[in-house]
Amino acid sequence: MQPLVFITGASSGLGQALALRYHQAGWRLALVARRAEEMHHWAQSHALTADHYRVFAADVSDEASIIGAAEQCMASLGLPQVVIANAGISQGMDSAIRADLAVLQRVMATNVLGLAATFQPFIAPMQAQAQVHNAPPFTLVGIASVAGIRGLPGHAAYSASKAAVISYCESLRGELRSTSGRAGVRVVTIAPGYIDTPLTRKNKYPMPFLMSAQAFADQAFKTIQRGSSYRVIPWPMGLVAKLLRLLPNAWFDRVLQNQPRKHREPL
C-alpha cells in the first residue's frame, strides 16, 4: 500500500505545495483544512481520485477539532508515515495597543498549541509501531520559520510562536529518540525563509531569496525523506539566519533600526 502523509493547513500556500509534491511521489494524502470544499476543488483540479486523498475539516487552534481529525484519519486510512504540522497564521501586532494582545493569543494558539495538538494523537501509535521489526520510519515535521531565529519589528507574535516551534520540536526530538537501538520516531524542523505564498504577498518590505512554493516543497520533501533534524530553506537564508544569531544584540539592533516593521492588520 502507498505510504500516507497527514498535512495541516493544506488548502493554500506551503501546505498545498507539499500536498502536490507528495502526490507526485505516489503518497496517499490526508489533508486537513478549515476550508474543506476548496480542498476538494484543488484535488479535482489535479485529477486526484478518492483513493489518492481524504479531506478532514478541522481547525488546529481548536484542540478537539484537530485531535478528532487525527483520530478519524487513523481509523479510516491507517497510521501516517509522515505528519506535517504546517498550519499557521501571521499577523503584525503593536504591543502598545491592548487589543493586540488578542493577536498574540490567536497566533500562539494556532502556531504552537495547534502544532502540539496535531502531533499528540500520533505519538503513542507511532512509538508502538516503530518497535515492530521492519516497520517504516515515522516522522513528525514542524514547519517553523527564520522569523523564529531572531525577533523582527512588528513580528512579535509570529516570531515568538515560531521560536517556540523550534524549541518545542527540539525538545520532542530528544524525547522520542529511541534508546532501544531501533529508529524510533523522527522529528524534523523546517524553517522556511521567504516563500511566495498568499501569506507573504501581504508583506510590504523586501524579501531576500524569495522562493516559489513548488521549489520549497521539493526541498522540504527531500529533507523529510532524509530525516534531517533541522533545515532552513532556502540555504542562503540559512546562512543569513546563522549570521543574525551570532550578531551581538547591539549590532543586531542597529541593523534593524531603519527596517520597516510588519504592518499591523485591523482587528
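What follows draws every value from the coordinates through simple rules; no lab data is involved. Please read all numbers here as calculations on a predicted model, not as lab measurements. Here the Cβ positions follow ideal geometry from the backbone for every residue, glycine too, while neighbour counts run over all protein chains shown.
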Electrostatic dipole magnitude of the stretch 4-256 [Cβ: Lys, Arg +1; Asp, Glu -1; Cα centre; debye, to 20]: 700 debye
Fully extended contour minus Cα-Cα distance, from Glu170 to Asp51, at 0.36 nm per residue: 39.4 nm
Value of [θ]222 nm, deg cm²/dmol, for the chain, DSSP H segments ≥ 4, -39500 (n - 2.57) each, nearest 500: -14000 deg cm²/dmol
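Starting from 0.36 nm per residue, how many nanometres of slack lie between Asp62 and Ala99 once their C-alpha separation is accounted for? Write down the numbers at each step before the final one.
Working: separation 37, 0.36 × 37 = 13.32 nm, distance 2.14 nm.
So the extension gain works out to 11.2 nm.
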Charge tally in the Cβ shell below 14 Å around Thr110, where Lys, Arg are +1 and Asp, Glu are -1, Thr110 excluded: 0
Within the stretch 15-35: backbone nitrogen closer than 19 Å to the Ser212 label point (7 Å, Cα to C-beta): 15-25
Net charge of neighbours whose Cβ lies under 14 Å from the Cβ of Ser65, counting Lys and Arg as +1 and Asp and Glu as -1: -2
Among Gln225, Gln24, Gln127: highest mean-square fluctuation, GNM of the chain, C-alpha pairs under 10 Å: Gln24
Full-extension gain in nm, Lys242 to Gln24, via 0.36 nm per residue minus C-alpha separation: 75.2 nm
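Any idea what the alpha-carbon Rg over 2.2 N^0.38 Å comes to for the chain?
Details: Rg = 18.4 Å, N = 267, 2.2 N^0.38 = 18.4 Å.
Normalised by 2.2 N^0.38 Å, the Cα Rg of the chain equals 1.00.
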